[in-house]
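Reading through the structure tokens given below for one structure.
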Amino acid sequence: MSIICLDGIVDIGTVTRRIPIDDCQPSQLLLSAKKLRGVLEWADPDEFAPDPVLVLPAADVPRIGATAVDTPYVVIDGHTRAFVAHCCGVDTLEIQVEDASDVERNALEIYAHCVEWCLEESITTPADLAGRVVSHETYLEEWVGRCHDLESVLCSEDEDERGSERGVEVGGDTDDEDGDVT
């Protein structure tokens with residue numbers, strides 16, 4: 001159940017918990033310098049307490065390659081906050097666990113590919129994002145663009161499957177323009 005308040009929509013009964021920061025597998029290769037500056041503007045390094053990081057249980061994210069995820073959770077929102085927490089010496093993160101049944105199938109597949117890309121680059125904790133901060137423009141081009149390209153491929157494959165099941169060809173544009181893929 002959700003309510004609308006001055007701060008936006010708030011979930012009633014959302015459960016959060018604290019876990020070791022190293023129990024979070026990133027699903028993002030790059031961080032935006034603009035987003036990082038935004039977090040650093042409000043972050044208190046002595047008492048860093050960001051909003052919960054949104055995660056999925058790693059077991060609920062399909063595997064793409066042979067490499068297994070060694071952590072119990074995959075970060076799906078809050079990579080920058082998790083990285084700043086690491087930089088501030090925080091050893092635990094407050095997380096909110098998403099139910100995979102509430103996540104669209106294509107989104108789960110996208111997260112699976114993103115995790116695979118991270119594992120290929122040896123990114124297994126928020127600390128591994130050090131050295132991966134880029135301009136916001138580069139972030140949009142290289143990271144968000146890569147995710148949008150993947151989403152287009154996956155959507156095309158789904159449309160082809162549905163079309164072949166019905167014996168018709170299906171086409172369409174599914175590009176999302178908000179720039180906040182993961």
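Only one of (1) crowded, with 18+ Cβ neighbours inside 10 Å; (2) more than 20 Å from V144 (Cβ to Cβ) fails for R81. Which number is that?
All conditions pass for R81, except number (2).
For E94, work out the one condition from (1) among the acidic types (D, E); (2) under 13 Å from the mean Cα position of the chain (by Cα); (3) under 21 Å from P50 (Cα atoms) it doesn't fulfil.
(2)
What do you reckon, is L56 buried (at least 18 other Cβ atoms within 10 Å of the Cβ), part of a helix (DSSP H, G or I) and on the phi < 0 side of the Ramachandran plot?
The answer is no for L56.
Looking only at the stretch 121-144, count how many residues are without any contact (Cβ under 8 Å) to a residue 12 or more places away in the chain and more than 25 Å from V90 (Cα to Cα).
Final tally of qualifying residues: 2.
Looking for whichever is in a strand (DSSP E or B), at pLDDT 95 or above and under 24 Å from S135 (Cβ atoms) here; the options are V84, V75. Which one fits?
It is V75.
Test each condition in (1) of a type in the set (A, V, I, L, M, F, W, C); (2) modelled with pLDDT of 95 or more; (3) farther than 26 Å from R18 by Cβ; (4) buried (at least 18 other Cβ atoms within 10 Å of the Cβ) for A33 and report the one that comes out false.
All conditions are met except number (4).
For the stretch 91-108, check the following and say yes or no: at least one residue is closer than 26 Å to D149 by Cβ and at pLDDT 95 or above.
No, the conditions are met nowhere in the stretch 91-108.
The values are calculated or read from the model by the stated rules, or taken from the named source; none is laboratory data. These figures come from a predicted structure and were not determined experimentally. Counting neighbours? That spans all protein chains shown, and the Cβs are built from the backbone with ideal geometry, glycine included.
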